[in-house]
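S.K.: The structure that follows is given in the form of structure tokens.
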Amino acid sequence: MEIRTKDDAWRLLLVLFLGQLVAFSMAACSFASSFIANLGVDAPLAQSFCTHLLLTLVYVPILLRRRQKLRIPWYWYLVLAFVDVQGNYLVTEAYQYSSITSVTLLDCWTVVWAIILTWYALGTRYSFWQFLGAGTCVAGLALVLLSDANTPDAQDPNKIPLLGDALVIAGTVCYAFSNVGEEHCVKKNDRVEVVAMLGLFGVLVSTIQVLIFERKSVEAIVWSPTMISLFAGYGIAGFMFYTITPFVLEMSGATLLNLSLLTSDMWAVAIRVFFYQQQINWLYYLAFAVVAIGLIIYSLNESSSADATATS
């Protein structure tokens, strides 16, 4: 029993560590997207293309060397990649209208949708305290909407914070479907196959949509060293995100993954204060405190819920 307890403790620490790596990658993507938006470039699909291209170049050759048939039909991967690209598009587009802190905080709405989807689709059962923790997180996110309604950006014709918030919330629905679908795939199949096919079909979907919706925007980009570095940085950070995420999903699940991503908000606040030299509304700090309390409540009851699911 003592050995098992130690193994469980190390496993939990590993999951938390990987979750923080994913959160750091997400914060890096947020920083790059916010910087690109501030430079007047509106090309979220092109940014998504960079990430999926790196995934394709790295993981598809590994998959081909195995010479194995796909364990999941290709059209399911196509649907999963399509939903994922739309989520990336909506959230990245939100940086055109809202601040980096608002986008990253509201991105946590994925937790709510993930709980609902895992409950119905995967049969995961949650305790009252876990629902209370998730509800507390939602209450904290509501403070962001209140803050954005009164922000000076609302007076700027180029900034529409509430529209940006709506885009983020819509994007989190897509993220939840993508995360839960990916969790189902990695727990029943192979991580390399899932990431490789997500990258391949992600390139296909994003390329088609760029040619249809963003062709003029991409052609108008002035490719300076700074711009190239930002797109490359976004692609590398996204590559890290998609590489590490399957491990967290396999070891825990979509809900804990998205709860771990809540800590990316700390990085977003630090970026806004130290890099952009902007003042933060006090409601942001209150919102983050409430979200942190909700995360603690959920985490303290996560293991008991997992045991109940395993028994069922």
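The values are calculated or read from the model by the stated rules, or taken from the named source; none is laboratory data. Just so it is clear, the structure is predicted and the values come from calculations on it, not from any experiment. Every residue, glycine as well, gets a Cβ built from its backbone with ideal geometry; the counts of neighbours run over all protein chains shown. In case anyone asks, the SASA skips ligands and DNA or RNA and just uses the protein heavy atoms, side chains included. Shrake-Rupley method; radii C 1.70, N 1.55, O 1.52, S 1.80 Å.
S.K.: Each residue of the range 178-183 in turn: what ³J(HN,Hα) in whole Hz from Karplus with 6.51, -1.76, 1.60 and θ = phi - 60°, glycine and Pro shown as x?
M.R.: Values per residue, Gly and Pro as x: 5, 5, 5, x, 5, 4 Hz.
S.K.: Still on this model: Step through the residues of the range 36-51 one at a time and calculate ³J(HN,Hα) from phi using the Karplus curve (6.51 cos²θ - 1.76 cosθ + 1.60, θ = phi - 60°), rounding each to whole Hz and writing x for Gly and Pro.
M.R.: Those phi angles translate into 4, 5, 5, 7, x, 9, 10, 9, x, 5, 5, 5, 4, 4, 4, 5 Hz.
S.K.: In nm, to one decimal, how far is the I228 label point from the W119 one, both placed 7 Å along Cα→Cβ?
M.R.: The modelled label-to-label distance comes out at 5.0 nm.
S.K.: Let me ask another. At a probe size of 1.4 Å, how large is the accessible area of I297, to the nearest 10 Å²?
M.R.: Estimated to the nearest 10 Å², I297 gives 40 Å².
S.K.: Name the trypsin sites (Lys or Arg not before Pro) in the range 12-68 that are in a loop by DSSP and that have at most 13 other C-beta atoms within 10 Å, would you?
M.R.: Listed in order of number, the matching sites are R67.
S.K.: What distance in nm separates the simple spin-label points at V79 and L162, each placed 7 Å from Cα in the Cβ direction?
M.R.: Each label point lies 7 Å from its Cα, and together they span 3.5 nm.
S.K.: Same structure, new question: Given a Förster distance of 35 Å, report the FRET efficiency between N189 and Y285 from their Cβ-Cβ distance, rounded to the nearest 0.05. Walk me through the intermediate numbers first.
M.R.: Values: r = 42 Å, r/R0 = 1.21.
E(calc), rounded to 0.05, equals 0.25.
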